[in-house]
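Asks: Just passing along the structure, written as structure tokens.
Values in this text are rule-based calculations from the coordinates and carry no lab data. Keep in mind that what you see is a predicted model, and the values were worked out from it rather than measured. No Cβ is skipped: glycine too gets one built from the backbone with ideal geometry, and neighbour counts run over all protein chains shown.
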Amino acid sequence: MKAPRGKASVPPVAAAKTKILLISLFHPELVRGGAQQIAYELFEGLQARDDVEPVFLASIDNKFPALYKSGAKITGFDGRPNEFLFLSRDYDYWWHKTSSPPHLEALEEFLLQIAPDVVHVHHFLTLGIDVLTLIRRVLPACRLVFTFHEFLGICAADGHMVRKTDRSLCDHASQVRCHQCFPERSPEQFLMRKMWFSRHFENVDAFTCPGKFMVEHFTRWGIPRDKISHVTNGQRDYAVGGRLPPASPGRNRFGFFGQYVDVKGVQIILRAVALLRAEGFTDFAVELNGDNLRYASETVRHEFETFLAAEAALAVQDRIVVNRGSYQVAQLAGRMACVDWCIVPSIWWESFGLVISEAWMFGRPVICSNVGGMAERNRHDVFALQFQMGDPRALAETIRRACSEEGLWDRLAAALPTPPTRDTMVEGYLEVYRDGSTEAKRLVS
Amino acid sequence: MNEISCTIEAASDFIEAAYLAAFPKVGEAIRSGQFKSALDHYMRKGAAEARLAEPRYQKALAAHQSIRSISSQTSPVQPGQIASGIDVFLVATDEFCCVIGWVDDRGRPLEAISLQLADGGCVRSTQIARCRRADAEAAIGFSFGHLLGFWALIPAALDMASAPGGLIVLHCGDTEITHPASPKLTPAVTLRDTIFEYCANATYFGSPAVEAFIQMGSGVGEGLLRQNKAMSAAICAGAYVERHGPARSIFAASIVVCLYGRLEYFFLQAAFFSAAAGARDYEFIYVCNSPELTEGLQREARIAARQYGLSITLIFLPNNAGFGAANNVAVGQARSDRVLIVNPDVFPRNTQWAQCHADILASLPADQTMLFGAPLFYDDGSLMHGGMFFEIDSGLSVKPSGFIHQDLLRVEHYGKGAPPDLPAYQGSGRVPAVTGAFISADRGWFERLGGFSEEYVFGHYEDADLCLKSWQAGQPVWRHDIPMWHLEGKGSVRRAPHEGGSIVNRWHFTSTWLDVVAADFCGPAPARIYS
């Protein structure tokens, strides 16, 4: 990777405001997901300031044909100022590139029209990793910032760094290791993949990631340590400062919030419940809040559906697990009010875990896997409980303890930290924008 | 056609020739000793993978059956007559034609094949190659050691469409066997591919390599080379050229890449080569032997020119002209005095390649840079190529009548698989030859040598041939340090006809250069360089 490039003086685009272009995969109001949610939180946070002018460009794909205007490659979004949609097409999901010249030409024109001082890219999916090179060529003086929301730059297996061979966590990529996960692809292809990504990452001035542990993964992969830093994700306070009282006298109601896909580990909860039931321990409840079971593997989908069907066949008083389905942010308070604990059983690294912050907002201690962003953020037995990732028996024992240990919930809940705020995140990113940017440095003064 | 009919009921539609045509890698696996035969592969692996149900097998099977349906034009055999059959009579209008069949010519050898045309014309060919025919052996109650199969190349332009009918006559001693001529009209390239695929799958008694040489030497090899060269020339005459990116009248050098079958290497090379300072002083010329890539290549060139600011020339050929001819066409479009012949799966190991190349040209005497290669590395970091040398294999074919000896040239790479920092392969040095995966050549010298020899079929040996031409013309070949990755064999697709082409190429290369190599260039420390 190259050293940070020297900066030319920033063109006098605006007299006072620094223009910041945020590029995100998907618009969070069209496709839910952590990366786009954070990108949009940042956009809203920057909008609240009077010293910067943010512009938001989000990609969409052909799941929204009605939003594709004939012949257009970039359009506005729902009449909102400074929000635009990149109408992605011909995307190559292996090389992560757009194969449509008119789209790249439109993006070039857009960049020249917006003329941002800072371009901050949140993910490359549906846009293409090679747009980084295009941005650098079109805007040689801009500060180019890239945020990793997972490990897709390193890992072709959906960026999870979970080995497809045995579902164990992977801590580094290599040609042979990656070939083992994708036997149909030769080791050479993974050398090229790494070269391809490195080639385009070379254009970036600063990388950020929401998990501190992620810095190690990326520096080991090849990102220079002096170019990557940790900036926490932050959200506005959905609880509006008010933590909820416990949901039950026994502190024995547990909630899952998130996607019903393999790596989020909802199946680990179901297996833990089955173990506890078999042991005769049934005085607790689990509420599942989420969606996207269709994206789970056949195995997990079958397990989920079979379990819930069996659960539904039980007498009401014998049921432990209930599926409450998807929810919007506005419904979060109501859903959180029904549980005492929030279980985050992910079986991948989990870069940050927005649901952890949301649990804290509502005063819910977290029970989580003991790896990655979950372990980094949740201090075991101080304000959270950790269990061995992927182990239903370990989770079962933790649930039993949470239900049984006198005063545990109160002690942990009292020690819960305040989740990082949106303002904290905005300040963090402004620091990154300032570093090296003549124009942005003006903000400091 | 040689074939093995599978005896297990579940695989009643297993046909060896179709299986090998559909899955070319099976042929490679057999040659490398992993499997004994296509049937062995099918029974150990292919059946579990349901390969016979795959569309590509079904397609190959259909093509095979189409040939077989014509094939059984076997004349009824009367006592004292010669049993024979014509599998297929392929005619490429205005080009040449080919007869594939078998004949039990024990005692009365097949000497010629003639076509007696309906319009009264007659053409005759003695360019006949022989091979085993397991099915014919079974049909006639086989006697060991005799090659019943034949295929003959007939270099004649036949207008079978306007004058259908006629006879195919097999001349066996003083006996003539006639078969009705039922021509199957086919594009010339399809005929070419059919012949080379047949060549690749042919089997013999004794050493396959030696026996193939003997067959090529019967005249059919020369005919194949002539036809191939003529066809390549016709394909190259239809080249279409378009340019993308910044226009300049002259560049520091021209990087010439021949694409075949795979598109992604185009944008990967554009990305990796463009990362170097000075890369924009080079132009990139891609000549495409795969017309099906045309649209994608145009699209990617438009993107690459925009993203990387590269000057890119695309040359589209209407069919596969082969490596040598395609590169020669591309060199003709170069706007510089220096050409770099680069394979699509070659990438710079660092971002100094352009400066490094410029420094070599500027600092070394001209006779060290007229034609040079570079060290190439595998993806695992080990050396793949530090130059090439030649070995002479002593081929021996065991026959009932005795032994047949044939010298065969083999090309080897210095340091293949060696640690990357071995001193022997560091720095500059003279070498017998360098791989066509990366050659930097003075354009004038390249053209004075006649470029790549275009007789070689598809691609193989023309790099070694070029280097030997350079040595013979008085300019040594060098290796200089511009480290490159080479994902050997990954840059294009390899199909069954290519294997047949390799057989012909090795025969041609040996025929052309055996004496020179034996005198001056044999072994890793040849006399011409180390004496």
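Asks: If the only charges are +1 at each Lys and Arg Cβ and -1 at each Asp and Glu Cβ, what is the size of the charge dipole of the protein assembly as shown around the Cα centre, to the nearest 20 debye? Write out the running numbers ahead of the final one.
Replies: Values: 93 positive and 106 negative charges, 327 e Å.
My answer is approximately 1580 debye.
Asks: On average, how many beta carbons from a partner chain sit within 10 Å of the beta carbon of a residue in B:302-309? Intermediate values should be presented prior to the final figure.
Replies: On the way: counts 5, 11, 2, 1, 9, 15, 5, 1.
Counting other chains' Cβ atoms within 10 Å and averaging over B:302-309 gives 6.
Asks: Which of the lysines could a cross-linker span from residue A:73 if the Cα-Cα distance has to be under 21 Å and same-chain partners fewer than 8 positions apart are dropped?
Replies: A:63, A:97
Asks: Hey, what did chain A get for relative contact order, percent, Cα under 8 Å, at least 6 apart?
Replies: Values: 823 pairs, mean separation 65.7, N = 445.
Computed value for chain A: 15 percent relative contact order.
Asks: Around residue B:503, what is the net charge, scoring Lys/Arg as +1 and Asp/Glu as -1 over all other residues with Cβ under 13 Å from its Cβ?
Replies: Numbers: positive: B:31, B:506; negative: B:197, B:211, B:499.
With Lys, Arg at +1 and Asp, Glu at -1, the net is -1.
Asks: Right, another one. For the residues B:315, B:404, what sequence is obtained by ranking on other C-beta atoms within 10 Å, fewest first?
Replies: Values: B:315 23, B:404 16.
If I rank by nearby Cβ atoms, fewest first, I get B:404, B:315.
Asks: Averaged over B:267-280, how many beta carbons belonging to a partner chain fall within 10 Å of each residue's beta carbon? All intermediate terms of the calculation are to be shown ahead of the outcome.
Replies: On the way: counts 6, 6, 0, 2, 11, 5, 0, 2, 7, 0, 0, 0, 0, 0.
Per residue, the number of nearby Cβ atoms from other chains is 3 on average.
Asks: Positive end of the charge dipole of chain B (Lys, Arg +1 and Asp, Glu -1 on Cβ, about the Cα centre): tell me which of B:350, B:387, B:519 has its Cα farthest that way.
Replies: The Cα lying farthest towards the positive end belongs to B:350.
Asks: Under 8 Å for C-alpha pairs, at least 6 residues apart: give me the relative contact order for segment A:88-142, rounded to a whole percent. Mind dumping the intermediate values first?
Replies: Details: 55 pairs, mean separation 23.7, N = 55.
RCO, segment A:88-142: 43 percent.
Asks: Would you check chain B for Lys pairs whose C-alpha atoms are within less than 28 Å, ignoring same-chain pairs closer than 8 in sequence, and give me the count?
Replies: Summing the qualifying lysine pairs gives 21.
Asks: Also: Can you give the local net charge around residue A:339? Use residues other than it whose beta-carbon is closer than 14 angstrom to its beta-carbon, Lys and Arg +1, Asp and Glu -1.
Replies: Working: positive: A:243, A:251, A:253, A:324, A:335, A:364; negative: A:287, A:340, A:358.
Cβ neighbours under 14 Å give a net charge of +3.
Asks: Efficiency by 1/(1 + (r/R0)^6): what FRET value for residue B:37 and residue B:249, r their Cβ-Cβ distance, R0 = 60 Å, to the nearest 0.05? Don't jump to the answer; show the numbers that get you there.
Replies: Values: r = 58 Å, r/R0 = 0.97.
Calculated transfer efficiency: 0.55.
Asks: A further question follows. What is the angle, in °, between the Cα long axis of helix B:264-273 and the longest principal axis of the Cα atoms in chain B? Nearest 10 is fine, range 0 to 90.
Replies: Roughly 20 degrees, rounded to the nearest 10.
Asks: Under 17 Å Cα-Cα from residue A:264, which lysines qualify once same-chain neighbours fewer than 8 residues away are excluded?
Replies: Result set, ordered by chain and number: A:164.
Asks: Next question, about the same structure. Rounded if a/c is under 1.5, else prolate if a/b beats b/c, else oblate: with a ≥ b ≥ c from the C-alpha gyration tensor eigenvalues square-rooted, which is chain A?
Replies: On the way: a/c = 1.89, a/b = 1.60, b/c = 1.18.
Verdict is prolate for chain A.
Asks: So, R0 is 25 Å and r is the distance between the beta-carbons of residue A:330 and residue A:63; what FRET efficiency does that work out to, to 0.05?
Replies: On the way: r = 23 Å, r/R0 = 0.93.
FRET efficiency, residue A:330 to residue A:63: 0.60.
Asks: Would you please put A:78-84, A:52-58 in order of how densely packed they are, using the mean number of other Cβ atoms within 10 angstrom per residue and starting with the highest?
Replies: On the way: A:78-84: 12.9, A:52-58: 23.0.
Highest-to-lowest ranking by the protection proxy: A:52-58, A:78-84.
Asks: Over all pairs of distinct alpha carbons, what does the Kirkwood formula give as the hydrodynamic radius of the protein assembly as shown, in Å?
Replies: Details: mean 1/r = 0.0305 Å⁻¹.
Roughly 32.8 Å, rounded to one decimal.
Asks: Could you check the spin-label model distance between residue B:28 and residue B:511? Points 7 Å from the Cα along Cα→Cβ, value in nm.
Replies: It works out to 2.8 nm between the two label points.
Asks: Name the shape class, rounded, prolate or oblate, that the alpha-carbon gyration tensor gives for segment B:406-456, where a ≥ b ≥ c are the square roots of its eigenvalues, rounded holds for a/c under 1.5, and otherwise prolate holds if a/b is larger than b/c and oblate otherwise. Working shown, then result.
Replies: Details: a/c = 2.76, a/b = 1.37, b/c = 2.02.
Note, shape of segment B:406-456 comes out oblate.
Asks: How do the peptides B:217-227, B:428-438, A:303-313 rank, highest first, by the average count of neighbouring beta carbon atoms within 10 Å per residue? Numbers along the way, then the final one.
Replies: Details: B:217-227: 19.6, B:428-438: 22.5, A:303-313: 13.9.
The most tightly packed comes first, giving B:428-438, B:217-227, A:303-313.
Asks: At a threshold of 8 angstrom on Cα-Cα distance, excluding pairs fewer than six apart, so keeping six or more, what relative contact order does segment B:240-530 reach in percent?
Replies: The value is 22 percent.
Asks: Over all residues in A:185-196, what is the mean tally of Cβ atoms on other chains that come within 10 Å of each residue's Cβ?
Replies: Values: counts 0, 4, 4, 11, 4, 1, 7, 11, 1, 1, 9, 5.
Neighbouring Cβ atoms belonging to other protein chains average 5 per residue here.
Asks: Let me ask something else. Using only DSSP helix segments of four residues or longer, with each worth -39500 (n - 2.57), what per-residue ellipticity at 222 nm results for the protein assembly as shown after dividing by its residue count and rounding to 500? Write down the numbers at each step before the final one.
Replies: Values: 31 runs with 326 residues, N = 976.
Mean residue ellipticity at 222 nm (helix-derived): -10000 deg cm²/dmol.
Asks: Would you please classify the overall shape of segment B:75-235 from the alpha carbon gyration tensor, given that a ≥ b ≥ c denote the square roots of the eigenvalues, rounded means a/c under 1.5, and beyond that prolate means a/b larger than b/c while oblate covers the rest? Could you put the intermediate results ahead of the total?
Replies: Numbers: a/c = 1.97, a/b = 1.19, b/c = 1.66.
Note, shape of segment B:75-235 comes out oblate.
Asks: Okay, moving on. If you find the alpha carbon centre of segment A:316-340 and of segment B:278-349, how far apart are they in angstrom?
Replies: That distance is 60 Å.
Asks: Moving on to the next point. Say each of residue A:414 and residue B:358 gets a label point 7 Å from the Cα, pointing the same way as Cα to Cβ; how far apart are those two points in nm?
Replies: 7.1
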